[in-house]
Structures are given as C-alpha cells and as structure tokens.
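Quick notes on the structure that follows.
The values are calculated or read from the model by the stated rules, or taken from the named source; none is laboratory data. Not measured: the values here are computed from a predicted model. Please note: Cβ atoms are built from the backbone with ideal geometry, for glycine as well, and neighbour counts cover all protein chains shown.
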Amino acid sequence: MLREITLGQYYQTQSVLHKMDSRVKLVATLVYIVSLFVVNNFWGYLLAAAFLALCIILSHVPFRFMIKGMKSILFLMLFAVVLNLFLTPGEPVIRIWKLKITDAGILLAAKMAIRLTLLIIGSSLMTLTTTPNHLTDGLESLLSPLKRLKVPVHEVAMMMSIALRFIPILLEETDKIMKAQIARGADFDSGNLLQKAKAMVPLLVPLFIAAFRRANDLAMAMEARCYRGGEGRTKMKPLIYRRRDYIAYGVVFVYLAASIVIGRLLPI
Amino acid sequence: MALKLEHVSYVYGADTELAVRALDDICLEIPEGQFIGLIGHTGSGKSTLVQHLNGLIEPTEGTITYCGRNIWEKDFPKKELRSQVGLVFQYPEHQLFEVDVFSDVCFGPKNLGLPKEEIQERAKRALELVGIPEEYYKQSPFELSGGQKRRVAIAGVLAMQPKILVLDEPTAGLDPRGRDEILSQVAHLKKETGISVVLVSHSMEDVANYVERIVVMNQGRILYDDTPSAVFGHVKELEEVGLAAPQVTYILHRLKENGFDVDVKATTIDEARDTILKAMREEREC
Amino acid sequence: MNIIEANHLSYDYTRFDEEGNVEGKTRAVSDVTFSVAPGQFIAILGHNGSGKSTLAKHINALLTPAEGTMVVDGKNTAEEANIWDVRQCAGMVFQNPDNQIIGQVVEEDVGFGPENMGVPTEEIWQRVEESLKAVGMYAYRKHSPNKLSGGQKQRVSIAGVLAMHPKCIVMDEPTAMLDPNGRKDVIRAARALNQVEGITIILITHYMEEVIHADTVLVMDEGKVVMQGAPREIFSQVERLKELRLDVPQVTLLAYELQKSGLPLPDGILTEQELTAELKKLKSAERQGDGGRKG
C-alpha cells in the first residue's frame with residue numbers, strides 16, 4: 001500500500017548531468033528560471049526550449065518522467081492562462097457575453113503557458129538527476145555564506161536529510177497502525193468529511209507518539225556519536241568542482257548572456 | 001466455525017518486475033478451540049499469512065472460507081469477520097491512542113456498534129482476562145510498563161470477543177518476566193474462553209510449552225503441520241531452514257548419540273528431566 | 001588503569017506534574033560501584049526497569065551521576081570539558097535499529113561519527129572500510145539502511161561506533177528487537193571485536209545465552225548491583241536468578257533439575273557439551289562401581 005510510494009523523483013541512470021556537482025545544477029536551474037522571466041520575445045523562448053531539450057537529451061531520462069511533474073500543477077497553469085486571457089486590457093478579438101479576449105491577452109497567456117511549462121520541466125530535470133542527499137549537500141554548501149548572518153544552514157540541511165531518511169519508515173508505520181486499527185473494526189473509508197476526520201484520531205495519535213519516540217532516540221544516538229552541530233565537522237563526501245563542472249558553469253552563463261541579448265533586444 | 005485456507009498464494013507487487021511470492025499454495029484449517037503455534041523466521045511469510053486470516057489482504061490465488069463462506073464474496077460482512085478473527089499485531093502497544101485504558105479497550109466493541117452497556121461489559125471482561133486490575137482502568141495507557149501496555153492492547157482485540165485470536169510475536173522486545181507473563185496470560189485466557197489461539201513466533205522454546213499443534217513456515221510454504229514433538233523430531237531439517245528446536249531437544253539428541261537411552265520426543269524441561277532420570281535408573285538396574 | 005570506574009554512583013529521574021513542577025524523584029540507579037579493566041567483556045543483566053540502561057548511559061556521558069562519580073579512561077564524565085573525549089572513547093549502540101541510523105546510505109552512516117570528530121576525508125573512508133569489514137557488512141556499503149534486516153542494521157550501527165576508534169563499546173540491549181539469526185550475528189560481531197581488536201565490550205541484555213562467554217556478569221535489580229561474578233558463579237545460583245525473574249539457559253535449568261532429583265552434577269553447567277560429558281562421567285562411574293551407590 002503506502003510503502004510503495006517513492007519519495008523524491010530521482011531517476012537512476014548514468015549521464016553527464018547525474019555526475020555533475022549538485023551546486024552547478026542548483027545554480028543552473030536558478031539561472032534558467034531567471035532567464036525565463038528576463039526574455040520577452042519568442043526567439044528567447046525558442047532558445048530556452050532548445051537549451052532545455054539539449055539538457056534532456058544529455059540526462060538520459062525518458063521524457064515522460066518530465067511530463068509527470070506537469071500533471072500536478074496543470075490546474076494552476078490553466079488558472080493563470082485563463083486569468084491572463086480574459087483580464088488583459090487591449091483590442092478585443094473575441095467577445096463571449098461580457099468577457100472579452102484581447103490580442104494582448106492572447107499574447108500574454110501564451111507567454112505565461114510557455115514560461116510555466118519550461119520552468120517546471122527545467123526544475124524537475126534537476127530533481128530527476130540529483131539524489132535528495134546531494135541536493136541537501138549542495139544547498140548547504142551554496143547557502144553557507146548565510147552562516148555569517150546566523151542562519152543555521154547546516155542544521156536545516158541536517159534536518160532535511162534526516163526527514164528524507166525517516167519518511168519511508170513513518171509511511172510503513174502508518175500502514176501498520178492503519179491495519180491494526182482496521183483489525184479492531186476501525187473504518188477509514190466511509191462516512192462524511194467530519195466522520196472521516198474523526199476516524200483519523202486512532203491513526204494520528206499513535207503515529208505522533210511513534211514519531212516523537214523516534215526523534216528522541218535519534219537525538220540521543222547522534223549525541224552519543226559526538227554530534228554537536230556543523231562546527232568543526234569534516235565531510236566524508238566533500239563537494240569538489242571538477243573540470244566538467246567549470247565547463248557547465250561556462251555554458252550556463254553563455255546561455256544567460258545569449259538569452260538576454262536575443263530575448264530582450266530582438267523584436268517580438 | 002472453522003477458518004479454512006485452500007491453496008492460498010500471495011504475490012507482492014504482482015505487476016512489477018519486483019514481484020515476490022510471499023505465500024505459495026498454503027492449505028490450513030483452524031478449527032474451534034485449538035492452541036496453534038505458527039513458526040518461521042523473518043521473511044518466511046508468516047506475517048503475510050496472518051493478515052489473510054482476517055481479510056486484511058486478499059489472496060492472489062486460492063480461497064479462504066469462514067464457516068463455509070468465502071470471505072472475499074461480494075457482500076461478506078468484513079467487519080464481522082474481523083471481530084470473529086481477532087488479530088493482534090506485533091508491538092500492539094503502538095496502536096493505543098485513547099486517554100485512558102478503559103476507553104482504549106472499548107474502541108473495538110464500539111466499532112461493532114454494540115449498546116453502551118455491552119461495550120463496557122466486554123471491555124471489563126477483556127481486561128480481567130489479561131489480568132489488568134481495576135485501579136488501572138482510568139490511567140493513561142502510556143504510563144504503564146511495557147508488558148502492561150501490551151496486555152491492554154491484547155484486551156483491545158479480545159473485547160470484540162473473537163472466536164479465533166491471532167497473536168503476531170506477542171513477546172517481541174519484552175524481558176523474560178514480561179514474556180512469561182504474556183504467555184501464561186494467553187494460556188489462561190485460552191483455557192477460560194475456549195477460543196482458538198494462533199501464536200506466531202520465531203522461538204520454538206516459547207511455543208513448545210503451550211501449544212498442541214505447530215505449523216512451520218519456510219519461504220512462503222508450510223513445511224510441517226503436526227504436534228510439537230513430531231515437529232521437533234526434524235531437528236536437522238529445522239536447522240537447515242534457520243530455525244532451532246528447543247535446547248532440550250538438542251541435549252536429548254546429543255545424549256542419545258552418546259549411548260543414553262533417552263526419549264528424544266520430550267520438549268519441555270520437566271519431560272527431559274524425567275526421561276534422563278529414567279535412562280540413568282535403567283542403567284543402574286541392568 | 002581501569003577503563004571504567006563507577007564509584008557509589010546514583011541517579012534519580014525527576015517526575016513532573018502537569019504544570020511542570022517537580023513532583024518527586026525516582027531512584028533509577030542506587031549506589032553502584034564497579035570497575036572494568038581494558039579488554040574485558042562485561043555483561044549486565046536485569047529485567048526492564050532494573051536501571052541497567054540508565055547505568056549504561058552514564059558510561060557515554062549521556063547522563064551524569066546525581067551522587068558518586070563515573071570515570072571513563074581516567075576522565076570524570078561530570079566535567080563538561082571531558083564529554084566529547086568520553087563519548088569518543090566509549091561508543092554506544094542502542095536497542096532500536098531504526099532509530100540510530102542517520103545516513104541514507106550505509107557507508108555515509110558509518111562516516112557520521114568520524115565526520116563529527118573532524119577526521120580528514122581520506123581517513124574517514126579508510127575507517128569506514130575497516131569498520132564495515134570488521135562487522136561483515138562491507139558488501140552492503142552502498143545500500144539504503146531501510147532495505148536491511150534488523151541484525152544487519154545493528155551491525156551497521158556497531159560499525160558506526162567502531163569508526164570512531166573507541167576503546168570501549170556499550171551495547172544497550174542490541175538484540176532485544178531481533179530474531180534469533182540476527183541476534184547470533186550481532187553477538188558474534190561483538191565477541192570478534194573483543195577478541196580480535198581488544199575492544200572492551202559492555203553488553204546489556206536480558207538473554208542469558210548471550211552472556212555465557214562474558215568475563216564478568218553484573219546482575220541488576222531495582223537500581224542496585226545484586227550479583228557480580230563469572231558466568232558460572234552466577235548461573236550456579238538458579239534459585240536466586242528465578243527469584244529475580246531472570247531466564248536461565250535451558251541446559252543450566254535442566255542440570256539444576258537433575259541435581260535436585262538426586263544426580264550428583266556440579267553447579268553452573270552452561271553448555272550442552274558440559275552436560276553430556278558430566279552425565280557420561282556419571283554413567284561410567286555407575287558401571288565401574290557396579291551400581292555401588294544403589295540404595
């Protein structure tokens with residue numbers, strides 16, 4: 001049942017993108033998102049789409065996995081498109097009752113749709129090629145300058161990685177408690193919303209207690225192994241830039257420059 | 001009243017490449033009033049089997065009947081089945097959730113939609129059966145000791161007044177005192193109520209003292225289904241599948257090999273003592 | 001010098017009422033004195049609530065005594081400055097295998113301790129490899145801990161402690177949640193570390209058959225050490241152990257029953273071999289004496 005859910009959407013395979021330093025991928029994704037909002041014409045979008053297509057080919061991840069991420073936000077996208085379509089002032093093209101669709105509206109809605117599609121495929125490409133582990137490591141390293149501002153970067157990263165380790169365990173626990181309560185005649189499926197919410201109590205109380213017990217145990221085990229925060233800690237798998245990472249940075253910034261030039265300066 | 005499994009198989013993740021055959025052609029009958037031990041090491045399929053008994057898992061192949069009716073028939077009353085076949089999971093104390101012991105035990109009968117008086121009566125009776133005295137009724141279940149918590153959890157299932165009680169590793173994680181308390185309490189309630197009890201365990205020693213029939217599982221199949229002494233006779237075969245007979249059995253086999261005329265069928269310490277004494281006495285007399 | 005020295009150690013758990021005021025104190029460990037020489041294998045027995053886990057947490061400085069002292073490798077655990085040295089010197093393995101593995105990959109978890117200690121990267125890899133090999137889990141280094149069995153998880157936990165190069169490992173009921181095969185593997189790993197690497201082992205358990213190879217056994221009840229001695233000395237007192245509601249290995253119990261029924265067997269028989277040998281001795285004595293003791 002629940003244990004079959006896999007978390008994160010990492011796709012295991014061999015590729016240049018998989019091997020790349022997670023910091024490069026994080027920065028590249030950020031740059032890509034920025035570029036999508038900087039460009040203002042269709043040449044720019046064409047460049048962005050071409051760049052993304054290249055990355056997808058390099059990643060060796062089947063294209064249908066990228067589409068998966070789209071499904072979840074399809075509704076949000078439709079909403080944004082419809083809103084832009086109807087509420088942009090300009091020369092009306094089609095009139096439906098009191099609503100009018102303007103030429104500017106069509107243009108804006110089309111841009112919005114393209115932007116969102118590229119944005120989502122782009123960022124899911126990053127999660128598909130990076131393990132959650134590397135992702136947290138990369139985030140910690142990139143955000144480390146914030147430590148000077150007393151932001152607990154290491155602690156947040158540690159929390160994220162512990163959460164990732166315990167989510168499958170807690171899912172399994174949920175499954176077990178659910179079955180145990182069903183064996184005592186509990187009913188999680190029928191009834192109206194209020195009854196369903198009430199039926200969750202016998203599941204949630206034991207689950208929270210279990211989670212706290214685990215957290216307590218884990219804190220003790222970490223202390224016993226000399227954990228005292230990020231200070232003075234070394235890394236078993238430190239992040240080291242290699243040649244391909246510098247090249248990747250180069251490519252990304254060339255892309256950014258190109259998209260500014262093309263996307264801003266060329267008409268339409 | 002019997003629960004009957006006929007050629008039951010179960011495959012995990014049937015449509016994927018990772019399909020695992022957890023149960024393979026299981027035929028098993030649980031009659032009224034029997035004390036059964038279900039033995040197998042981790043991954044032998046015993047936990048999967050147990051979840052078939054009260055309809056939590058649907059078999060991939062084969063049929064399960066209760067009182068002659070297929071439990072996976074369209075309008076079979078599942079809730080009633082679950083009250084008739086009470087299943088106590090491993091670490092059952094992890095399912096406690098109510099503010100006090102008594103309300104927690106009431107949860108099962110309440111789900112059956114019984115009148116209030118009957119619910120309370122059943123809860124009281126169940127708590128009596130597992131030996132929890134009245135002064136604990138209004139305490140929070142989380143303040144009890146490990147063994148007490150577990151007994152309250154067992155009472156929570158007993159309060160549904162099942163005809164068959166299935167206990168999955170009821171002694172896991174307890175110390176010897178807690179373990180003995182639970183096992184003797186289960187034996188006691190078996191005698192009191194006359195219901196069938198299925199005791200799932202990986203410890204032959206735990207089970208040998210109580211049950212009248214042992215079912216040994218290995219790799220999803222039933223390896224033996226017989227009386228304890230007959231099952232323990234297969235010491236070598238049990239060893240091969242990673243299970244150990246009680247230490248007593250080993251001692252007696254060793255003595256027999258060394259020329260002592262002992263009865264290797266003895267499974268408890270008292271029986272072993274008697275047969276060794278008898279052998280020594282005969283030695284003296286001849 | 002002794003590696004562990006507990007001197008009149010006592011510890012209280014404070015109970016709080018619902019408003020957070022001190023309601024009372026429960027004495028969990030009471031006036032315990034014992035010492036452990038380097039390289040020993042010590043077993044602490046006792047049922048739940050006997051104070052054995054509380055005592056164990058003192059060795060790792062997770063708790064500090066209310067009265068008396070705990071000195072580990074010459075360092076008093078009550079002094080704040082010593083805590084990290086003490087924890088590095090005396091590692092700890094806990095009961096629940098799921099709640100002490102931090103890493104998402106086996107090798108990363110084993111590296112967690114050395115990382116915390118600030119060990120350089122290359123040395124971490126070396127230590128991780130050695131430790132995983134020592135517990136026989138090297139083949140699983142790239143696996144996710146979630147996919148391992150209980151016994152395998154516990155061996156990973158032991159490797160995680162081992163990678164910190166401790167002098168002593170405290171194991172707090174490492175086998176309580178395992179099946180018989182997992183239990184055997186964990187105990188085998190513990191004994192190997194003791195014999196091959198010379199690491200002092202403190203094994204807390206309630207399984208009697210796990211302590212028969214220990215150098216010294218401590219039995220605890222109600223926070224006090226009530227019995228102390230070699231396994232044979234302890235197991236020869238079957239009645240006392242039964243009183244404490246502890247398990248006695250079946251072979252010892254059988255020998256004791258036979259002894260009670262009149263067979264002249266020695267006290268504290270621990271293994272099947274011993275019992276067979278003793279019974280054989282009796283048998284041949286009978287033959288030679290031609291039933292001399294008859295009547």
Single residue of B:120, B:139 found to be within 25 Å of residue B:182 (Cα to Cα), more than 9 Å from chain A (Cβ to nearest Cβ) and not in a helix (DSSP H, G or I) | B:139
Do we find a residue being more than 30 Å from residue A:169 (Cα to Cα) and at pLDDT below 90 anywhere in segment A:2-10?
-> no
With the first residue restricted to segment B:242-263 and required to be more than 10 Å from every other protein chain (Cβ to nearest Cβ) and more than 22 Å from residue B:282 (Cα to Cα), and the second required to be aliphatic (A, V, I, L, M) and crowded, with 21+ Cβ neighbours inside 10 Å, Cβ contacts under 8 Å at 6 or more apart or on different chains are B:245/B:204; B:245/B:238
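When the residues of segment A:214-247 are narrowed to those that are among the small types (Gly, Ala, Ser) and in a loop (DSSP other than H, G, I, E, B), which ends up nearest to the other protein chains (Cβ to nearest Cβ)? It would help to see each step written out before you state the result.
Taking segment A:214-247 as the starting set, the residues that turn out to be among the small types (Gly, Ala, Ser) are A:215, A:219, A:221, A:224, A:229-230, A:232.
Then keep just the ones that are in a loop (DSSP other than H, G, I, E, B); that gives A:229-230, A:232.
Working: A:229: 9, A:230: 10, A:232: 5 Å.
Across segment A:214-247, the extreme among qualifying residues is A:232.
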Criterion (within 14 Å of chain C (Cβ to nearest Cβ), out of contact with any His (no Cβ under 8 Å at 6 or more places or on another chain), surrounded by 22 or more Cβ atoms within 10 Å (Cβ to Cβ) and part of a helix (DSSP H, G or I)) met by exactly one of B:231, B:186, B:200, B:207 | B:207
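Within segment C:174-183, identify whether any single residue is closer than 24 Å to residue C:35 by Cβ, in contact with a helix residue (DSSP H, G or I) (Cβ under 7 Å, 6 or more places away or on another chain) and not in a helix (DSSP H, G or I), and answer yes or no.
Within segment C:174-183, one or more residues are closer than 24 Å to residue C:35 by Cβ, in contact with a helix residue (DSSP H, G or I) (Cβ under 7 Å, 6 or more places away or on another chain) and not in a helix (DSSP H, G or I).
Residue-wise test of (1) assigned to a helix (DSSP H, G or I); (2) away from chain A (no Cβ under 12 Å).
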{"site": "B:5", "(1), (2)": "no, yes"}
{"site": "B:24", "(1), (2)": "no, yes"}
{"site": "B:28", "(1), (2)": "no, yes"}
{"site": "B:32", "(1), (2)": "no, yes"}
{"site": "B:36", "(1), (2)": "no, yes"}
{"site": "B:86", "(1), (2)": "no, no"}
{"site": "B:97", "(1), (2)": "no, no"}
{"site": "B:103", "(1), (2)": "yes, no"}
{"site": "B:114", "(1), (2)": "no, no"}
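Can you find, within segment C:74-89, the residue that is nearest to the other protein chains (Cβ to nearest Cβ) among those that are of a type in the set (Asp, Glu) and part of a helix (DSSP H, G or I)?
C:85
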Meets criteria (touching a helix residue (DSSP H, G or I) at 6+ places or on another chain (Cβ under 8 Å), more than 13 Å from chain C (Cβ to nearest Cβ) and not basic (Lys, Arg)) for residue B:165 | yes
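So that you can scan it fast, the table gives a plain yes or no per residue for (1) under 28 Å from residue B:190 (Cβ atoms); (2) touching an Asp or Glu at 6+ places or on another chain (Cβ under 8 Å):
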position	(1), (2)
B:21	no, no
B:26	yes, no
B:33	yes, no
B:40	yes, no
B:57	yes, no
B:64	yes, yes
B:71	yes, no
B:74	no, no
B:85	yes, no
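Every residue, every condition in (1) in a loop (DSSP other than H, G, I, E, B); (2) under 21 Å from the mean Cα position of the chain (by Cα); (3) modelled with pLDDT under 90, yes or no:
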position: C:218; (1), (2), (3): no, yes, no
position: C:225; (1), (2), (3): no, yes, no
position: C:259; (1), (2), (3): no, no, no
position: C:266; (1), (2), (3): yes, no, yes
Only one of these is modelled with pLDDT of 90 or more and at positive phi: B:62, B:43, B:13, B:86. Name it.
-> B:62
Report, by residue number, each residue of segment C:226-249 that is more than 21 Å from residue C:174 (Cβ to Cβ) and of a type in the set (A, V, I, L, M).
-> C:226, C:227, C:230, C:238, C:241, C:244, C:248
Taking only segment C:240-257 into account, find how many residues are within 21 Å of the chain's Cα centre (by Cα), free of Cβ contacts under 8 Å to residues at least 24 places away in the same chain and at the interface with chain B (Cβ under 7 Å from one of its Cβ atoms).
-> 1
Going by the conditions given, is residue A:209 in contact with a Pro (Cβ under 7 Å, 6 or more places away or on another chain), within 14 Å of chain B (Cβ to nearest Cβ) and either free of Cβ contacts under 8 Å to residues at least 12 places away in the same chain or part of a helix (DSSP H, G or I) (or both)?
-> no
Inspect all residues belonging to segment C:197-219 and state whether any of them is within 14 Å of chain B (Cβ to nearest Cβ) and among the acidic types (Asp, Glu).
-> yes
Please enumerate the residues belonging to segment B:237-263 that are assigned to a helix (DSSP H, G or I), in contact with a Leu (Cβ under 7 Å, 6 or more places away or on another chain) and closer than 17 Å to residue B:205 by Cβ.
-> B:248, B:251
Please state which one of A:163, A:199 is more than 11 Å from chain B (Cβ to nearest Cβ) and at pLDDT below 90.
-> A:163
Taking segment B:52-84 and keeping residues within 14 Å of chain A (Cβ to nearest Cβ) and more than 20 Å from residue B:112 (Cβ to Cβ) leaves B:52, B:57, B:58
Would you mention how many residues in segment B:265-286 are among the β-branched types (Val, Ile, Thr), closer than 19 Å to residue C:280 by Cβ and facing chain C (nearest Cβ under 9 Å)?
-> 1
Residue C:178 over 20 Å from residue C:72 (Cα atoms), crowded, with 23+ Cβ neighbours inside 10 Å and of a type outside the set (Val, Ile, Thr) = yes
Go through the residues of segment C:126-141 one by one and say whether even a single one is at the interface with chain A (Cβ under 10 Å from one of its Cβ atoms), modelled with pLDDT of 95 or more and surrounded by 17 or more Cβ atoms within 10 Å (Cβ to Cβ).
-> yes
Check residue C:92 against each of (1) at the interface with chain A (Cβ under 7 Å from one of its Cβ atoms); (2) in a helix (DSSP H, G or I); (3) within 16 Å of residue C:167 (Cα to Cα) and name the one condition it does not meet.
-> (2)
Matching residues, segment B:38-51, being in a loop (DSSP other than H, G, I, E, B) and either surrounded by 21 or more Cβ atoms within 10 Å (Cβ to Cβ) or away from chain C (no Cβ under 14 Å) (or both) = B:40, B:44, B:45
When you scan segment A:12-91 for helices (runs of 4 or more DSSP H) that lie fully inside it, which ones turn up with 3 or more residues that are surrounded by fewer than 19 Cβ atoms within 10 Å (Cβ to Cβ) and hydroxyl-bearing (Ser, Thr, Tyr)?
-> none
